[in-house]
Amino acid sequence: MLSAVGGGLAVALLFQLGRELGGVRLGVTAAALLTTSPLAWYYGAVGLTYGVELPLATLLALLVWRSVVRQDRPAALWSGIALALVGGFRPTSLVLLLPLWAFGVRRHPRHTIAASSSLLACGVLVWLVPLLSASSGPADFVAATTRLARRALGPTLAPVGDDDIPLSNLAFVSVAGLLGAGVAAAALPARMPGWFSRVRHDWRLAAFLLLWVVPALAVFLTLHVGQPGYLLLIWPAISLLLADALLGFASAIAALLARPRGSAHAVITTLAVLTNAAVFATTPNATSLDALGGERRFWRAVEELGRASPPDRVAVITGGRASESFRQAMVVLPEHTIYAIGPDSSRRTGILVTGRGDTSDYRAFLDGRPAEPWLPVSPGTQGLLVLDASTARLLGASLPLTAFQIAGRGLFWADLPPGCERIALATPGETDPCDMISTSQAASCVGPSDGQFDGGDHAAWPAGASSSSRSADTASSSALPELVNEHHRDDQASPRS
């Protein structure tokens, strides 16, 4: 609900900002592009903080612009409160937008700067004090934040990571940006000379946009970018640039055809908006209507499977990354024990977190507890339900896995032989058959399409694929795999929404 309301507020605020920057046409065009951007549309429909950051960042930018152009003291004061609100939802965003706020207040009298800074500090304390209290004090909070940052930044940190990481981040941001921008992005190159000319006449506009966009982009490209929603922090600024480029293109077309500019603006903007809407509705990608519907169908299927599987007979396995299924599984399957598996800070693969209902040992993981390389099997457990493809790769060599496709996502089932007490998740240096079969971290498992599954994070199966198992003698002793297969068949029979 907050994301949906935030999306509507962002459109209204961006219209006002665009009108103050370049007139009503710029405001209308920017608001229309934001309204139909697949990026904004998708995150306006999911319960993540990115959809709330969008209107707050737009509000801050509007206040900063008024503070710069009008020397508006109330706007300067309110900008401090707006920045504190942004930080309340994502503290890192406060740091990224701090240069923009500083640009807004820098030319004001000292008492105004002090007042805005005080409001910012007080607003931050409103959420920081309870956060520190819940974290058992500042020292524990800093330590936990440092460990979490080290884990989150590890896979995408350019200075200390793999040489290909900067290019990987660039590719990710570029693809996400193009998906969000749509056809309007094609008008950007031709408009750049006009921007350079405008900067010479009004450097404040250039500084305003650069201080809004560049700090965030620098972090996304060199440190960390988790998912396309990160871009919503700067997407209003991108929408303004896209709108200006689109209006410039429409003016050129009008001049070429000797037509009124207003009509050309309306036609070109309408075509861009309709194209964005069509892309969102019909093109399968990470921020499409198909992705929204697929996520809902997948988790509805998992919830039904949970009701059909006694918690004492089925253990649920997920990946350990923030983008994987552990947190969702905790909510959808509250009666089941959920194991999050992945590499720890020492790159040792094993159980990172165990949870059930509303309790988990996540705090111990953040405190540096090493991954447990053995998965314990409770008496009576008949099988494992694996929700993430990356985790299936770790289990595939030691257990016969059956793979299914539901709503474009992989779901895996493994029967456990009688008497199984634990399963090796990484090579522990012992090969006793009584301890189950060890598996190396590079193990692969069989998939339904060609007999081999590569374990990639974004693996998919052919649209008409049916489930298949590692070997012919791995028929399930329970009804759960058949129930999964029913969902698979239903998914193939019904159109995606």
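Summary of computed values
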| quantity | calculated |
| --- | --- |
| Filter pass, ARG363 being under 21 Å from SER135 (Cα atoms) and in the same structural domain as SER325 (by TED's automatic domain parsing) | yes |
| Contacts under 7 angstrom Cβ, first residue in the stretch 258-281 being among the charged types (D, E, K, R), partner surrounded by fewer than 14 Cβ atoms within 10 Å (Cβ to Cβ) and not in a loop (DSSP other than H, G, I, E, B), 6 or more apart | none |
| Residue within the stretch 318-338 that is touching a helix residue (DSSP H, G or I) at 6+ places or on another chain (Cβ under 6 Å) and either at pLDDT below 85 or of a type in the set (Lys, Arg) (or both) present | no |
| Residues of the stretch 407-426 classified as under 27 Å from ARG300 (Cβ atoms) and buried (at least 24 other Cβ atoms within 10 Å of the Cβ), total | 5 |
| When residues of the stretch 324-347 are limited to those that are closer than 25 Å to VAL142 by Cβ and touching a residue at least 12 places away in the same chain (Cβ under 8 Å), the one surrounded by the fewest Cβ atoms within 10 Å (Cβ to Cβ) | SER346 |
| Lone unmet requirement of (1) modelled with pLDDT of 85 or more; (2) on the phi > 0 side of the Ramachandran plot for HIS265 | (2) |
| Members of the stretch 45-81 found to be among the small types (Gly, Ala, Ser) and buried (at least 24 other Cβ atoms within 10 Å of the Cβ), listed by number | GLY51, ALA57, ALA61, SER67, ALA76, SER79, GLY80 |
| Sole residue being more than 24 Å from VAL214 (Cβ to Cβ), touching a Phe, Trp or Tyr at 6+ places or on another chain (Cβ under 8 Å) and in the same structural domain as GLY44 (by TED's automatic domain parsing), chosen from LEU132, LEU56, LEU120, LEU100 | LEU132 |
| Within the stretch 57-97, considering residues that are of a type outside the set (Val, Ile, Thr) and out of contact with any helix residue (DSSP H, G or I) (no Cβ under 7 Å at 6 or more places or on another chain), the one nearest to LEU231 (Cα to Cα) | PRO91 |
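Table: residues versus (1) surrounded by fewer than 23 Cβ atoms within 10 Å (Cβ to Cβ); (2) not aliphatic (A, V, I, L, M).
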residue	(1), (2)
LEU223	yes, no
LEU232	no, no
ALA254	yes, no
SER263	yes, yes
THR270	yes, yes
VAL279	yes, no
THR283	yes, yes
SER288	yes, yes
TRP299	yes, yes
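The values are calculated or read from the model by the stated rules, or taken from the named source; none is laboratory data. Predicted model only: the values in this text are computed from it and were never measured. Counting neighbours? That spans all protein chains shown, and the Cβs are built from the backbone with ideal geometry, glycine included.
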